[in-house]
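Before any comments, here is the structure.
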Amino acid sequence: MTEPVMSELEFLVEILSKHPTESLKRISESEGVGYYRLKRLYDKYYGQYVQVNAMYRIEKIGLKSYIAFLSVPRSELRSVAAQIHKNPFMVDQIAMFGFKNGINSILHIPKDQVKYIDEMLSRYSEDYEYYEITRYPPKKKKEFGEWRYSYDYAVLMDILKWDARTPLKEISQMLGKTRPTIRYMINKLKEDGVLRGFIATIDMDAHDRGVLGITSRLDEAVLERFKDYEIVVGVLDGNKYLLEWFFNSKEDLGTRLFEFSSYVEKVAIEYSDLLMDFNKTPRFRRFSQMIKEDGSGYRSIVEV
């Protein structure tokens, strides 16, 4: 396959960001872009390099976000990753080496099951640490809701999370419901504040390395220093900060690590390519694995 043209990818992402779920014909008419040109780019890139996904406010359905760091022997890394991959409450996993040698994972935990996190994580490692994580800068205290929907909503959320441009006809066949009903369900999620919207992104695995650090004091200089780079800042347990700096393995890792470590108290290197196949395996059943089939609430995080 020929190498993708970045200008074409960026053009397609820009168009789909403005019209994430509309048909190509309607987008063509709205933007004054030739339909056949648009379709050629769409067929060339969508699904492999470009994707549109749903974004959710998980606190609205009673889920809290955590990040966990687990010590895992190198020889057991993939076998433990395979076990974690079966757990829908552990969202993704990245190999890491530093203050913990093993795996870090984002957790989405029902608010009334937070007390079971230790029991859940101890299945995968005897040595771990975890923190509740929120976005930076800190916002007002979140109010956590409940799961108040039928099981079909969990399936719908999975479909939209995996590919928000899945045709209504296909979704209606998957759920055994009419297209007007599917539209109603999507609008219901929007009105309730669960569905934030949709995002178009380029996925080219450009960043297969990262430096991750934890600090009890956030030096604002670090944000200014790395403002032109792929850097993520999170707030841990309300009084610590997580910094992640993403880059390509072709870049000088030693220099990156040395420079970044001066801003944090704990540091580790992330190797996203080592477990990439697990994260790329379709997670078409995340919310639908979390939710009981009668729609009455979440399954137990220690019984999945």
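The values are calculated or read from the model by the stated rules, or taken from the named source; none is laboratory data. Just so we're clear, the structure is a prediction, and the values are computed from it rather than from any experiment. Note: ideal-geometry Cβ built from the backbone for every residue, glycine included; neighbour counts use all protein chains shown.
For segment 1-52, what are the residues that are of a type outside the set (A, V, I, L, M, F, W, C), part of a helix (DSSP H, G or I) and within 26 Å of the chain's Cα centre (by Cα)?
Passing the criteria: SER7, GLU8, GLU10, GLU14, SER17, LYS18, TYR42, ASP43, LYS44, TYR45.
What single numbered condition from (1) in contact with a Ser or Thr (Cβ under 9 Å, 6 or more places away or on another chain); (2) crowded, with 16+ Cβ neighbours inside 10 Å fails to hold for GLY98?
(1)
Inspect segment 40-54 for any residue being of a type outside the set (Gly, Ala, Ser), closer than 27 Å to LEU236 by Cα, buried (at least 18 other Cβ atoms within 10 Å of the Cβ) and modelled with pLDDT of 95 or more and give the result as yes or no.
no
Cβ-Cβ below 6 Å, separation at least six or inter-chain, first residue in segment 1-26 and touching a residue at least 12 places away in the same chain (Cβ under 8 Å) and under 15 Å from ARG40 (Cα atoms), second in a helix (DSSP H, G or I) and of a type in the set (Lys, Arg): which pairs?
Hits for this filter: LEU24/LYS39.
So which of SER105, SER71 ends up being surrounded by 20 or more Cβ atoms within 10 Å (Cβ to Cβ) and of a type in the set (S, T, N, Q)?
SER105
Out of segment 245-295, which residues are out of contact with any helix residue (DSSP H, G or I) (no Cβ under 8 Å at 6 or more places or on another chain), over 29 Å from GLY47 (Cβ atoms), crowded, with 17+ Cβ neighbours inside 10 Å and modelled with pLDDT of 85 or more?
Scanning segment 245-295 gives VAL264, LYS266, ALA268.
Could you please give the count of residues in segment 114-132 that are in a helix (DSSP H, G or I) and either on the phi > 0 side of the Ramachandran plot or surrounded by fewer than 20 Cβ atoms within 10 Å (Cβ to Cβ) (or both)?
5
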